[in-house]
Amino acid sequence: QVQLVESGGGLVQTGGSLRLSCAASGSFFSIDAMAWYRQAPGKQRDLIATITSGGSAAYADSVKGRFTISRDNAKNTAYLQMDSLKPDDTAVYYCNVRIRDRWSQAWGQGTQVTVSS
């Protein structure tokens with residue numbers, strides 16, 4: 001079982017920046033891929049960014065060019081640098097990990113990001 005802990009959220013004004021962190025722990029040898037999701041009130045949880053163990057990243061159109069995903073393999077930690085934030089980015093942000101070709105069924109508590117206009 002893997003445990004995920006997200007941190008770094010907060011309240012920021014439009015145009016501001018935040019950096020989120022996701023620390024993974026548990027009984028595993030290595031993490032294939034890591035991903036960030038977000039869920040706004042009353043909406044489904046959406047995938048916004050992924051990164052492989054080799055560093056290849058992919059983004060949802062809604063965040064492309066503004067958000068950057070990165071990871072520290074030695075620390076089993078993923079990061080999400082969020083720039084040029086907009087009120088539509090307001091959501092709870094979650095991370096997930098893929099180990100042995102399977103995404104974790106367990107989620108962390110998430111971290112709240114609120115962007116004021």
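With just the Cα atoms defining each centre, how far is segment 47-71 from segment 89-117? Give it in Å.
Here the answer is 13 Å between Cα centres.
Within segment 1-45, list the trypsin sites (Lys or Arg not before Pro) lying in a DSSP loop whose Cβ has at most 10 other Cβ atoms in a 10 Å radius.
The qualifying sites are 43.
What does the charge count near residue 83 come to, summing +1 for each Lys or Arg and -1 for each Asp or Glu among other residues with Cβ under 10 Å from its Cβ?
+2
Assigning unit charges at the beta carbon (Lys, Arg +1; Asp, Glu -1) and nothing else, what dipole magnitude in debye, to the nearest 20, does the chain show about its Cα centre?
Roughly 100 debye, rounded to the nearest 20.
In the neighborhood of residue 47, defined by Cβ-to-Cβ distances under 14 Å, what is the net charge if each Lys or Arg adds +1 and each Asp or Glu adds -1?
Every neighbour counted, the sum reads +3.
For segment 14-117, build the charge dipole from Cβ charges (+1 Lys, Arg; -1 Asp, Glu) around the Cα centre, then report which of 47, 82, 116 sits farthest towards its positive end.
47
Rounded to the nearest percent, how much of the accessible area of segment 53-97 (1.4 Å probe, protein heavy atoms only) is carbon and sulfur?
Result for segment 53-97: 44 percent of the exposed heavy-atom area is carbon or sulfur.
Going by average Cβ density within 10 Å per residue, which order do the peptides 71-77, 48-54, 5-11, 93-99 take, highest to lowest?
Packing order, densest peptide first, comes out as 93-99, 48-54, 5-11, 71-77.
Sort 117, 21 by heavy-atom solvent-accessible area, probe 1.4 angstrom, most to least.
Ranked from most to least accessible, the order is 117, 21.
The values are calculated or read from the model by the stated rules, or taken from the named source; none is laboratory data. The shown structure was predicted, so the numbers you read here are calculated from the model rather than taken from an experiment. Note that we place each Cβ from the backbone using ideal geometry, even for glycine, and neighbour counts take in every protein chain shown. For accessibility, only protein heavy atoms count, side chains too; no ligands or nucleic acids. Shrake-Rupley method; radii C 1.70, N 1.55, O 1.52, S 1.80 Å.
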